[in-house]
């Protein structure tokens, strides 16, 4: 109820949290369309967590048509703000050429940024990228 009240008033963090509630059916009926609405509202305000959540929806086709290009774009916005999970995912996208042009340099850049923040798996993935090239 409180997330709803704050979300309607435009508070980005509440919008993102309310989106998570709808995504997982926590205290409300599970609904991807409603979750996406709130993720989008918060992401449009620049909230990195919401941008990451929206990217995940595009990557996994949760409530939207799968789009690696859209996922990469949202991950990039969150990664530039220092979101370690988005940095990790964006690094993986560049390593695989998933939704972006394949680039070992960009993969290393984002994976190293994620690893510096302690993102699980980032350092190991960085090693794999360099072993392959």
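Since every read-out is calculated from the coordinates, none of them should be taken as a lab result. All of these numbers come straight from a predicted model, not from anything done at the bench. Every residue, glycine among them, receives a Cβ derived from its backbone with ideal geometry; neighbour counts consider all protein chains shown.
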Just to verify a result, which residue in the stretch 7-27, among those that are over 17 Å from the mean Cα position of the chain (by Cα) and surrounded by fewer than 16 Cβ atoms within 10 Å (Cβ to Cβ), is farthest from residue 61 (Cα to Cα)? 9
Elements of type helices (runs of 4 or more DSSP H) in the stretch 68-133, at least 3 residues being more than 15 Å from the chain's Cα centre (by Cα) and over 24 Å from residue 44 (Cβ atoms): 104-116, 122-132
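Scan 60, 86 and give me the residue that is buried (at least 24 other Cβ atoms within 10 Å of the Cβ) and at negative phi.
Going through 60, 86 in turn, just one is buried (at least 24 other Cβ atoms within 10 Å of the Cβ) and at negative phi: 86.
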Filter the stretch 28-55 for residues that are within 20 Å of residue 87 (Cβ to Cβ), in contact (Cβ under 8 Å) with a residue 24 or more places away in the chain and surrounded by 17 or more Cβ atoms within 10 Å (Cβ to Cβ) and give the result. 39, 42, 43, 47, 48, 49, 50, 51, 52, 53, 55
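Go through the stretch 92-109 and report how many residues are touching a helix residue (DSSP H, G or I) at 6+ places or on another chain (Cβ under 6 Å) and farther than 15 Å from residue 59 by Cβ. Quick ask: steps written out before the conclusion?
From the stretch 92-109, those touching a helix residue (DSSP H, G or I) at 6+ places or on another chain (Cβ under 6 Å) are 93-95, 98-100, 103, 106-107; that's our starting set.
Now restrict to residues that are farther than 15 Å from residue 59 by Cβ: 103, 106-107.
Final tally of qualifying residues: 3.
Taking the stretch 109-124, which residues are closer than 15 Å to residue 90 by Cβ and surrounded by fewer than 19 Cβ atoms within 10 Å (Cβ to Cβ)?
Pass one, the stretch 109-124, residues closer than 15 Å to residue 90 by Cβ: 109-117, 119, 121-122.
Within the stretch 109-124, 109, 112, 116, 117, 121 qualify.
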Only one of 130, 62 is without any contact (Cβ under 8 Å) to a residue 40 or more places away in the chain, more than 28 Å from residue 25 (Cβ to Cβ) and in contact with a helix residue (DSSP H, G or I) (Cβ under 8 Å, 6 or more places away or on another chain); which? 130
